[in-house]
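Okay, so here's the structure we're looking at.
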Amino acid sequence: MPALAKANLLAAASEVVDADFSSDEVSDFIHDFALLVDDIDPEDVLRSINEDRAVSGFPEVRDIDLIEAELAERKRYYRNAIKAALNRLNSPELVSTMTMVVDNATLGGEVHAPELIDELVDAYAVETQGVLAKESQNADRLIRTALESAKSGEAAVRPLIDKLELVARTWDKIAQPIQLSSKARGLEHELSKELAYSIRSLAIDLFNEHDLLVQSQRLTKLLSELFSELPEFVERVSADTQALSDIAKQRQKSDREQREWEEEIAFTADVGVVFKDTLSISAKGISWKEKTYPLESITRVKWGGVRHSVNGIPTGTDYTMAFGDNRTESVVSIKREATYTKFTEKLWRAVCVRLMTDILKTLKSGLYL
């Protein structure tokens, strides 16, 4: 059967397409129809017409432009027939069918679609413009509110990002056929591009201005998923994703090192024979009796031991440790070597490394030269 005759038959068959058909069935039908319409050759149609006219004794049609004009009108009829079939589907099925049609026809936006499908997408874009505009306004309101709430912390922002994600996914579901078609034509869907960059700006501001790394990563991941049909944008989001990932890894490393350091310096011991006092060191500071020095406030430390003997016979060692800030100092005297040794090891790690570093920086700056 000639392509034109078969296309006319499929156009008539499209009148029975309704909501009882699955998206897969309607998608395959439209795809096959579109490929068939692309196969209609004006020269072949002219040749068939003239063969029939010759048999009937009518003069030949010599102007191919007449055939092309009629075929253009016929293609508009085909497009309207398919649009009518799609409009008999419910909204979710219509969107799903359009997405499958364009995805299959363009191989995910990589190749040009048949002309009929491009025309269907153009009509679909016009008809969905109002819905997309409304969703865009909802997204803009959520973005503004999220930025205003960011100063209150992640707990205030998280539910707004939840809502923004729902809006963005709804947008993408509706806009997906247009995005795929635009990519296949070497274009970018401008409305999707505007929304994508607005959400990206939110992700950047949440991190740069409020240090909300988790929510920023969440938005960046969402953008990579929903707007993969925008090549230039995808490159930027990929760079954002890598940067945030590096920061997250560094923070995890820092957190792990901090925990390990806190475990390494932690120490507690009772000092005294009868009336005991507690000597302790931790990330919160050094505590002795009723006084606690935050680690960062300590500016002085010292320790040492004095051995005693009678007639050359050792009678024991007195150990002394001291630490303090710019105003006060605490002194601890003990006899147990194990406690003295353990505490000074922890003290070096917790305080002395910082003090030595500060001294070297000061010397390097020439302040005391």
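Scanning region 4-33 for residues that are within 21 Å of Leu71 (Cα to Cα) and acidic (Asp, Glu) turns up Glu15, Asp32. Against the numbered list (1) out of contact with any Asp or Glu (no Cβ under 9 Å at 6 or more places or on another chain); (2) assigned to a loop (DSSP other than H, G, I, E, B); (3) surrounded by 17 or more Cβ atoms within 10 Å (Cβ to Cβ), Arg62 comes up short only at (3).
Table: residues versus (1) surrounded by 16 or more Cβ atoms within 10 Å (Cβ to Cβ); (2) free of Cβ contacts under 8 Å to residues at least 12 places away in the same chain; (3) among the aromatic types (Phe, Trp, Tyr).
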position: Ala34; (1), (2), (3): yes, no, no
position: Leu46; (1), (2), (3): yes, no, no
position: Glu51; (1), (2), (3): no, yes, no
position: Val55; (1), (2), (3): no, yes, no
position: Ile67; (1), (2), (3): yes, no, no
position: Tyr77; (1), (2), (3): no, no, yes
position: Asn80; (1), (2), (3): no, yes, no
position: Pro92; (1), (2), (3): no, yes, no
position: Val101; (1), (2), (3): yes, no, no
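Scanning region 233-248 for residues that are exposed (fewer than 12 other Cβ atoms within 10 Å of the Cβ) and hydrophobic (A, V, I, L, M, F, W, C) turns up just one, Ala239. Within region 263-286, one or more residues are at pLDDT below 95, under 38 Å from the mean Cα position of the chain (by Cα), surrounded by 11 or more Cβ atoms within 10 Å (Cβ to Cβ) and in a helix (DSSP H, G or I). Only one of the numbered conditions (1) modelled with pLDDT of 90 or more; (2) among the aliphatic types (A, V, I, L, M); (3) in a helix (DSSP H, G or I) is not met by Ala113, and that is (3).
The residues in region 303-324 that are in contact with a Ser or Thr (Cβ under 8 Å, 6 or more places away or on another chain), open to solvent by 90 Å² or more (accessible area, probe 1.4 Å) and more than 14 Å from Leu347 (Cβ to Cβ) can be counted, and the count is 1. Criterion applied to Glu225, Glu229, Glu262, Glu290 was being without any contact (Cβ under 8 Å) to a residue 40 or more places away in the chain, in contact with a Ser or Thr (Cβ under 8 Å, 6 or more places away or on another chain) and not basic (Lys, Arg), and the one residue passing it is Glu262.
I'm checking my understanding of the structure. Among residues of region 105-115 that are out of contact with any Lys or Arg (no Cβ under 8 Å at 6 or more places or on another chain) and surrounded by 17 or more Cβ atoms within 10 Å (Cβ to Cβ), which one is farthest from Asp39 (Cα to Cα)? So the residue we want is Ala105.
Residues of region 232-259 that are closer than 26 Å to Tyr197 by Cβ and in contact (Cβ under 8 Å) with a residue 12 or more places away in the chain: Glu232, Phe233, Arg236, Val237, Ser238, Asp240, Thr241, Leu244, Ser245, Ile247, Ala248. Scanning region 14-27 for residues being assigned to a helix (DSSP H, G or I) and either touching a helix residue (DSSP H, G or I) at 6+ places or on another chain (Cβ under 8 Å) or surrounded by 15 or more Cβ atoms within 10 Å (Cβ to Cβ) (or both) gives a total of 6. Checking Arg259, Arg251, Arg300 one by one, the residue that is modelled with pLDDT under 90 and open to solvent by less than 100 Å² (accessible area, probe 1.4 Å) is Arg251 and no other.
Could you please let me know if Ser192 is among the polar types (S, T, N, Q), surrounded by 12 or more Cβ atoms within 10 Å (Cβ to Cβ) and more than 24 Å from Ser152 (Cα to Cα)? Spelling it out, Ser192 is indeed among the polar types (S, T, N, Q), surrounded by 12 or more Cβ atoms within 10 Å (Cβ to Cβ) and more than 24 Å from Ser152 (Cα to Cα).
Within the bounds of region 213-232, is there any residue that is aromatic (Phe, Trp, Tyr), open to solvent by less than 90 Å² (accessible area, probe 1.4 Å), within 33 Å of the chain's Cα centre (by Cα) and at pLDDT 90 or above? Yes, that holds for at least one residue.
A count restricted to region 116-169 and to residues that are free of Cβ contacts under 8 Å to residues at least 24 places away in the same chain, more than 29 Å from Arg79 (Cα to Cα), open to solvent by 60 Å² or more (accessible area, probe 1.4 Å) and over 19 Å from the mean Cα position of the chain (by Cα) stands at 4. Kindly establish whether Gly272 is in contact with a strand residue (DSSP E or B) (Cβ under 6 Å, 6 or more places away or on another chain), on the phi > 0 side of the Ramachandran plot and small (Gly, Ala, Ser). No: the conditions fail for Gly272.
Scanning region 325-335 for residues that are part of a strand (DSSP E or B) and among the β-branched types (Val, Ile, Thr), we see that the one that is most open to solvent (accessible area, probe 1.4 Å) is Val331.
When Lys342, Lys346 are screened for being part of a helix (DSSP H, G or I), in contact (Cβ under 8 Å) with a residue 60 or more places away in the chain, basic (Lys, Arg) and open to solvent by less than 70 Å² (accessible area, probe 1.4 Å), only Lys346 passes.
The values are calculated or read from the model by the stated rules, or taken from the named source; none is laboratory data. Here the structure is a predicted model, which is why all the values come from computation and not from measurement. Backbone-built Cβ (ideal geometry, glycine too); neighbour counts: all protein chains shown. We work out accessible area using only protein heavy atoms, side chains counted, and drop any ligands, DNA or RNA first. Shrake-Rupley method; radii C 1.70, N 1.55, O 1.52, S 1.80 Å.
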